[in-house]
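**Q** Mind having a look at this structure? Questions to follow.
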Amino acid sequence: MPLAVLVLILSIAFAASPLLVPGFGGFDPNQFPIPQDSPPVQPAGYAFSIWGLIYLWLIASALFGLKRAAEWTAMRPALAVSLAIGATWLPVAMLSPIWAAILIWAMLVTALIALVRAPMIDKPWAAWPIGLYTGWLSAASCVSLGLLAAGYGWMSQQTAAYVFVGLAILLAMVVQSLLNRTPTYGLTVIWALIAVAVHNWDSATTGVAWLALIGAVAMVLPMVRSARV
């Protein structure tokens, strides 16, 4: 099977994966030894609506890519692995937050490889949708660690939020600066950070909101620079 066709099939399977767990709205607080009810490391619920755009753009990208067999070859193996893992993530998340965290980091690493290898041509169809996907994974991967840290008592919820929101900002700044292209990556991280700020505003964790807002502002410059390439 041509790899381009496989990526299309996996993109569709990934987008269809929520049908396997209808009604999934995030981890059940009681999946953790210390229940995680409204943890401050997590973005406001509206932020997850970005998945609709991610799914649609990845499918559109894969369809367009059927005409780009040679130019897109380098990025496809890593992207296929990331999407294959992603298609299984929701059922795993229903069973084990630990395995869900391991898988989402595997998704992130392989997506980053695909993003680095994405061609300079066809940006709206190749690099940009992968950037959107990878940007969200960068934030979500750090959130997963924050949930585990607080949920297993390694840190308080507030400390975990500071540590892992900070990690998300640092990771995103490094990736966007080194990549120096694909503004959709930074834009998605900004979206996630603003949602973290919204979630924590007017609460006992307002400091986390300010950290997320500062991170979002800091991401603007490297994102804008990358848009010029």
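The values are calculated or read from the model by the stated rules, or taken from the named source; none is laboratory data. This structure is a prediction, so every number in the text was calculated from the model and none was measured. For neighbour counting, all protein chains shown are included, and Cβ atoms are generated from backbone atoms with ideal geometry for every residue, glycine included.
**Q** Identify the residue in segment 182-206 that is in contact (Cβ under 8 Å) with a residue 24 or more places away in the chain, of a type outside the set (A, V, I, L, M, F, W, C) and out of contact with any Leu (no Cβ under 8 Å at 6 or more places or on another chain) and, among all such residues, is surrounded by the fewest Cβ atoms within 10 Å (Cβ to Cβ).
**A** Ser203
**Q** If you don't mind, another one. Give me the helices (runs of 4 or more DSSP H) completely within segment 150-229, filtered to those with at least 1 residues that are at pLDDT below 95, ordered by residue number.
**A** Working: elements: 157-179, 183-200, 206-227.
Passing ranges, in order: 157-179, 206-227.
**Q** Scan Leu90, Leu83, Leu58, Leu63 and give me the residue that is part of a helix (DSSP H, G or I) and over 21 Å from Ser141 (Cα atoms). Before the answer, list the steps.
**A** Values: Leu90 fails: over 21 Å from Ser141 (Cα atoms); Leu83 fails: over 21 Å from Ser141 (Cα atoms); Leu58 fails: over 21 Å from Ser141 (Cα atoms).
Just one listed residue meets the conditions, Leu63.
**Q** Identify, from the list Phe32, Phe24, the residue that is touching a helix residue (DSSP H, G or I) at 6+ places or on another chain (Cβ under 7 Å), of a type outside the set (Val, Ile, Thr) and crowded, with 18+ Cβ neighbours inside 10 Å.
**A** Working: Phe24 fails: crowded, with 18+ Cβ neighbours inside 10 Å.
Within the list Phe32, Phe24, the selection yields Phe32.
**Q** Next up: Scan segment 37-62 for residues that are over 15 Å from the mean Cα position of the chain (by Cα), over 20 Å from Leu167 (Cα atoms) and crowded, with 16+ Cβ neighbours inside 10 Å and report the count.
**A** 3
**Q** Cβ-Cβ under 6 Å, sequence separation 6+ or interchain: first residue in segment 129-155 and touching a residue at least 12 places away in the same chain (Cβ under 8 Å) and within 14 Å of Leu193 (Cβ to Cβ), partner crowded, with 24+ Cβ neighbours inside 10 Å and among the hydroxyl-bearing types (Ser, Thr, Tyr). Which pairs?
**A** Listed by first residue and then by second, the contacts come to Gly135/Tyr185; Gly135/Thr188; Trp136/Thr188.
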